[in-house]
Amino acid sequence: MQDKLSLMIPGPTPVPETVLRALGRHPIGHRSGEFQSVVKRTTEQLKWLHQTTNDVLTITGSGTAAMEAGIINTLSRGDKILCGTNGKFGERWVKVANAYGLDVQIVNAEWGQPLNPEDFKEILEADENKEIKATIVTHSETSTGVINDLKAISQHVQKHGESIIIADCVTSLGACNVPMDEWGIDVIASGSQKGYMMPPGLSFVAMSERAWAAQKQSNLPKFYLDLNQYRNAGTKNSNPFTPAVNLYFALEASLDIMQTEGLKTIFERHNRHKTAAQEGMKAIGLPLFSAKGYGSPAITAVAPEHIDAEVLRKEVKQRFDILLAGGQDHLKGKVFRIGHLGFVNDRDVLTAIAAIESTLSSLGLLNGKIGEGLKAASAALK
């Protein structure tokens, strides 16, 4: 059916009608007092979401722009850094760091497994000359459905004394607890099309005072992503360049919705949906890809045995107009992923599980009695 597509992917995620209506407002001047009021309010709302008193800057660009900004504004050519890699996005930050001539030491874990905080601890403690300037971690590794222990890794970085920690929270912010100040995180990057429940186009960089101190020493090239320009403009509730005005309207509307729901309730909702998705898949007989206890509240990765995951995804989309995410790189055809991030409710999760179960049955690939997955998911949502 036309215009009925349901997004159950890690981004873009579904967008509330209230946010869509805000997006459709007539643009206003981005140097006007009216727009400055929007910037002022959303900046305070963003600090609430990040649980910080630090600067949170808004960039017109994707989450990758935010991460690149965090890297190039705090480091200098030749700086030694640690970068955790246990999926597609950890590998991306290695590529960005290499592109800017940084000396990258990789802390690796197999795809589907979490990064081990003790690996970071060992390397950081051995760095007696304090040569490591930054540690980069992907909190929620979208490609594998794994949540990494950002809190524990951040604690080891703080004890090092010299290294800052740069966190990709693109699919964790707004889905699980990321208290920036409490955990001592120096840079947090996120994007609008994830937990913010908005279309793509805005990204956000939160910076601690330690990060700003590092920024003063940074010599990597930057212009559009020069965060000092954004900070200076922010003191006047403005932007150094022409921003996506209508996306700011959408941002204000989405953050209003989030504040009404409350952080605790938002986190609980995402955790319930994660549990329902996991229990539903296990009841159907489909193994989870992420290590036990490390499933992301944003997305559940499933590794069906003896089933082409791409065939399953195609059939679910064709029969039910539900879009699931596929596996990336070497996981293509081996993994599918159920997004439960942002503007997703119990009905969405149950519908997706029922659609997967029905599709497997129609393909003659369902082991067991139809309805067991839905039953398990329903029980998890009580």
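Here are the numbers for this structure:
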item	result
Dipole in debye (nearest 20) - the stretch 17-260, about Cα centre, beta carbon charges: Lys, Arg +1; Asp, Glu -1	940 debye
Neighbour-count ranking [beta-carbon atoms within 10 angstrom, fewest first] of Glu268, Glu34	Glu34, Glu268
Centre separation in Å (Cα based) which lies between the stretch 1-71 and the stretch 197-212	10 Å
Whole-Hz ³J(HN,Hα) from phi, Karplus 6.51 cos²θ - 1.76 cosθ + 1.60, for the stretch 160-165, glycine and proline x	5, x, 9, 5, 9, 10
Global geometry of the chain, whether rounded, prolate or oblate, following the gyration tensor of its Cα atoms and the 1.5 cut on a/c	oblate
Prolate/oblate/rounded call for the stretch 284-372, Cα gyration tensor, a/c under 1.5 rounded	rounded
Over the stretch 17-71, equivalent-ellipsoid semi-axes from the Cα gyration tensor in Å	22, 15, 13
Value of relative contact order over the chain, rounded to a whole percent, pairs C-alpha under 8 Å and six or more apart	23 percent
Beta bridge orientation in the stretch 17-260: antiparallel %, DSSP, nearest 5	40 percent
Phi to ³J(HN,Hα) by Karplus 6.51 cos²θ - 1.76 cosθ + 1.60 over the stretch 374-379, Hz, x for Gly, Pro	4, 4, 5, 5, 4, 5
Highest to lowest packing among 336-342, 352-358, 371-377, scored as the average C-beta count within 10 Å	336-342, 352-358, 371-377
Value at 222 nm in deg cm²/dmol, rounded to 500, when DSSP H runs of n ≥ 4 in the chain each add -39,500 (n - 2.57)	-13500 deg cm²/dmol
For peptides 95-106, 316-327, 180-191, sequence by mean Cβ density within 10 Å, most packed first	180-191, 316-327, 95-106
Max mean-square fluctuation residue, GNM over the chain, Cα-Cα springs under 10 Å, options Ile136, Ile266, Ile123	Ile123
Cross-link pairs beyond the 31 Å C-alpha cut-off, checked among Lys222/Lys332; Lys274/Lys314; Lys95/Lys282; Lys130/Lys274; Lys216/Lys236; Lys222/Lys314	Lys222/Lys332; Lys95/Lys282; Lys130/Lys274; Lys222/Lys314
Cα centroid of the stretch 120-196 to Cα centroid of the stretch 349-366, whole Å	37 Å
Under 12 Å from Lys47, Cα to Cα: aspartates and glutamates that are on another chain or at least 8 residues apart	Asp55, Asp181
The stretch 11-79: trypsin sites (Lys or Arg not before Pro) in DSSP loop, at most 16 other beta carbons within 10 Å	Arg25, Arg31, Arg77
For the stretch 13-148: rounded, prolate or oblate by the Cα gyration tensor [a/c cutoff 1.5]	prolate
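Bear in mind these aren't lab numbers, they're just calculated from the coordinates by the rules spelled out. Bear in mind that the values here come from a model prediction, so they are computed numbers and not experimental data. FYI the Cβ positions are ideal-geometry reconstructions off the backbone, even for glycines, and counts take in every protein chain you see.
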